[in-house]
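In what follows, a structure is listed as structure tokens, so that the remarks can point back to it.
Every number here is computed from the coordinates shown, using simple stated rules; none is lab data. Quick caveat: nothing in here was measured; it's all calculated off a predicted structure. For neighbour counting, all protein chains shown are included, and Cβ atoms are generated from backbone atoms with ideal geometry for every residue, glycine included.
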Amino acid sequence: EIVRTSENPYTRVDLVESSTIHSAQGLSLGYLGVLPPQSGLVVDAGNLLPVPKADETEPALLDNLPSALAYDIRPEANVLVLGSGGGTEVLTARSGASGQVTVIEPNALVHRALVDDLSEWAGLADDPRVELVHEEIRSASLRLDEDFDVVVLSLSDGYRPVSSGAFSLTEDYTLTEEALASYFDRLGPDGIFVIHRWLQEPPSETLRTLATIVAALDVDDPRRHVVGFRSFQHGTFVVKPSGFDEGELGALLEGIAERRYDLTLAPTMPAEMINRYARLPTPVYADSYRELTDVADREAFYNRQPFDVRPPTDDHPFFFHFFRPEQTPDVLDDLGRRWQPFGGSGYFVLVALLAFAVAAALLFVLLPVLARRNLRAALAAIGPGPAFRVVGYFTLLGLAFLLVEVALIQQYILLLGQPTLAVATVIAALLLSSGVGSTRSSRFGWRRLMVLLVVLLVAYPFVVEALTPALLPLPLAARVLATALLIAPVGFLMGMPFPRGVAALSETSDVVPWAWAANGSASVVSAVLAAMLALSLGFGAVLAIGAGLYLGAALIRWSPA
């Protein structure tokens, strides 16, 4: 039964009640008790967050969940939980540790449900040991100035088969190399970090998670710092940036054995603890994790994997994009054979859309030449060379403008927290500033402004990267204003080349609509191309390509100075 539905511009959350909700991610095989009654928060109609009834949740159940191992060695911990989920992770922290529990929940509707609708059921809002805060996770990780003994990144998203490819186009700034480094900064000298992911075979989510941990740690021997274990469908890593001592390692291995988890990574790995309970034909997780941490050439290791498991970064934050070009034959072979093609399906949706956009663009650029006599006459009057320069110049401008715009939207999701807000803010700021630039275009030397625009676009990713850590802790209104101010110089210059080109065509007015058609068609193609390039190369590279296209437009040199 849907009890209540809440919506805002970013998301929808349904509060549901059902006797069939029975969920405990990563539950130990050693637990033989019952699960408590659970309500559910369904996020965007696809992700169920189970909310256990607090006063009927047995301590024994909480002690048999993966995060409990961290409290075996940190029983007096002050805990930071990043992502409340349905509250199970918070109850585990409250039961396992005697210190304060600070909970950061980025979804306003989930936060409201836990503190209002489900406050008595979840038992968190009125607990003096628990502080529930609504804030973006990355913003909170930089704003908080206190150290914690344990930091837990909750597994708040549902199981997503890598074969579907449905989420491969989604940015996730909570799982990048820079994000994990910021979580490590919230730890005290002996602090412990815990992260969970779903198991996929061959290893993908958890292997990429480990690769990101290793990159964020940046140490010579990662195995001294990471302990991994798994259940049937759930993998966990316990990380200590300062390195585990023998006592801590012994306690963790004992806890893993008692709870009947399978060990996947540790400084020392007893053979009897590997692939013992949730048995596989081969211990693929333990083997791949050990190879990743021990190999000298990690780039060669990544190249050997069936999926792309390189660590995501803030410049390339696509944690769920596992596609490699080598998968193409498998993707094509699976088409029409099963409802979820191999993991490249999300990417190939873009390929198909790009092909359609290019075909449509060519149609709307070539068709007017064939259909309009006055256009053919105007083009014949200026000659084939100038006609080629006209279409080339306006096409390159259309490609460049949308490449930059889409890259900026994706890049500012980190600073603004929500894709919808990033779209609204970036488009508004870019169109406003480029409109102002258009009105002032005649006052600037054409070649000078093109050179300045190219230099600014090349330098822009470095400027944003340097400023983002200082801007993230600011209130949302301040971040929106900062975004608009940072975009304004780029938009101002990007608004000038097009009107200068139109002005240069004033003597051949019949060619102007054709120039508009070339520019608009290229913009449609560029929007799709920008997403593909961001997935493959990252946002900085997309901006650099946009700069190169503006440089190409300048080199065509058909427009007078």
Efficiency of FRET between residue 272 and residue 356 - r from beta-carbon atoms, R0 41 angstrom, step 0.05: 0.15
Length released on extending from residue 462 to residue 146, taking residue separation times 0.36 nm less the Cα-Cα span: 110.9 nm
Stretchable slack from residue 4 to residue 131, in nm (0.36 nm times residue separation minus alpha-carbon distance): 43.3 nm
Under Karplus coefficients 6.51, -1.76 and 1.60, residue-wise ³J(HN,Hα) of the range 95-106 in Hz, glycine/proline x: 7, x, 10, 9, x, 6, 10, 9, 10, 9, 10, x
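Among rounded, prolate and oblate, which fits the range 203-288 when a ≥ b ≥ c are the square roots of the eigenvalues of its C-alpha gyration tensor, a/c under 1.5 means rounded, and a/b larger than b/c means prolate?
In terms of gyration-tensor shape, oblate.
Percent relative contact order of the chain, based on C-alpha pairs within less than 8 angstrom and at least six residues apart? List each step's numbers first, then the result.
Values: 994 pairs, mean separation 73.0, N = 561.
It rounds to 13 percent for the chain.
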Cα gyration tensor shape of the range 89-198, rounded if a/c is under 1.5, else prolate or oblate by comparing a/b with b/c: oblate
Loop-located trypsin sites (Lys or Arg not before Pro) in the range 180-285, at most 12 other Cβ atoms within 10 Å (DSSP): 279
Cβ-derived FRET efficiency at R0 60 Å, residue 381 paired with residue 282, nearest 0.05: 0.25
Estimated FRET transfer efficiency when R0 is 45 angstrom, pair residue 444-residue 328 (beta carbons, to 0.05): 0.45
Projected label distance in nm at residue 371 and residue 120, using a 7 Å step from Cα toward the beta-carbon: 6.7 nm
The range 1-138: C-alpha gyration tensor shape, a/c 1.5 cut-off, then a/b vs b/c: oblate
For the range 92-211, size of Cβ-based charge dipole, Lys and Arg +1, Asp and Glu -1, in debye: 340 debye
Cut-off under 5 Å, modelled amide H: who pairs with residue 264 long-range: 228, 229, 230
Label-point gap, in nm, between residue 363 and residue 452 - each point 7 angstrom along Cα→Cβ: 4.1 nm
Residue 221 versus residue 427: modelled label distance in nm, points set 7 Å from Cα along the beta carbon direction: 5.4 nm
